[in-house]
Amino acid sequence: MASKKTKICTPTDEIRYSLYEHSVQDAPEQVRLFDRFYRELGGEEPQILREDFAGTFWISCEWVKSGERRQAVAIDNSDSPLEYGKAHHLAELDKQQQERVAILKQDVRERIQPGIDIAAVCNFSFFGLKSRKDFLEYLRSVHASLRGDGIMILEMVGGPGFIRIPEKETRTYRHESGDRKGKKWYTYRWIHKSFDPISRNGVYSIEFQMASGERYKDSFVYDWRVWTIPEVRDCLEDAGFSTSVVYWEMDDEDDEGEVFCQTDKGLDDDDTWLCYVVAKK
């Protein structure tokens, strides 16, 4: 059978956010990790989550579903992902759960009312804060919003493979149900466009190639400073956090089935690594 002819198209928000969530995010798993990190750093029962650079705030909605008293504050300064989240995640919650999600369209550096148990940034979104001044301003704002035993969680990526140019990661997804179950659905591509070792500024993009022929080039483009773990931990200390630890993504699960393990030494053979830096107020 002849392959479908490729046609470069501009995706709607409906298409690009749904494909992004399917290929990149696992909100229920992140809720589980947040709860675990909080308890391992000495907390007991986290109730209020602050999700920064929240995008479609799927994590916030999963958080309030995970406990009858749990609340979430989702912060992002862009209308389009917030509107998608309202239509696809907030709308799926019952009325009582919806009342426990606060959506703030604002810069994450703006101060909010204190009382947060966990502040979290996923998908390396804080890499968009390129200067130490801006990053510290943000961290101090988060610090001021936390309760006494609150924590901050920063998801990070790095390694030689993450700054290599050119570089491309490709994954293919198949339909999981329905008449087309098992058939190719789309291909996800993560593309390294540029990296400057002096500023550590990198440009990356995501594109989707549908089995039906549409190619959604540059569906998302990221212009980042690729922060290092020591830089981030130093900034956390300067912002007032008392301590920070690193949860490294291991090759294998530990005895308790965990992939992210607290460690003082990363794996030096990881071409591209993933970790969470977790700081306690």
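Looking across D234, D238, D269, D218, one residue alone is loosely packed, with under 13 Cβ neighbours inside 10 Å and over 18 Å from the mean Cα position of the chain (by Cα). It is D269. All conditions in (1) acidic (D, E); (2) within 19 Å of the chain's Cα centre (by Cα); (3) within 30 Å of E40 (Cβ to Cβ) hold for E169, with the sole exception of (3). Considering region 42-58, the residues that are closer than 15 Å to M152 by Cα and crowded, with 21+ Cβ neighbours inside 10 Å include one that is farthest from the chain's Cα centre (by Cα), namely P46. Can you say whether T243 is over 19 Å from the mean Cα position of the chain (by Cα) and either in the same structural domain as E169 (by TED's automatic domain parsing) or β-branched (V, I, T) (or both), as far as the supplied structure shows? In short, yes. When region 135-190 is filtered for residues that are touching a residue at least 60 places away in the same chain (Cβ under 8 Å) and of a type in the set (A, V, I, L, M), the ones remaining, listed by number, are L136, L139, V142, L146, I151, M152, I153, L154, M156, V157, I163. Of all residues in region 182-198, those that are β-branched (V, I, T) and crowded, with 16+ Cβ neighbours inside 10 Å total 2. If I ask for residues that are part of a loop (DSSP other than H, G, I, E, B) and either buried (at least 17 other Cβ atoms within 10 Å of the Cβ) or not assigned by TED's automatic domain parsing to the domain that holds P46 (or both), which ones from region 66-92 would you list? Matches in region 66-92: R70, H89.
The values are calculated or read from the model by the stated rules, or taken from the named source; none is laboratory data. As the structure is a computational prediction, the values presented were derived from the model and not from experiment. Positions of Cβ are backbone-derived with ideal geometry, glycine not excepted, and every protein chain shown enters the neighbour counts.
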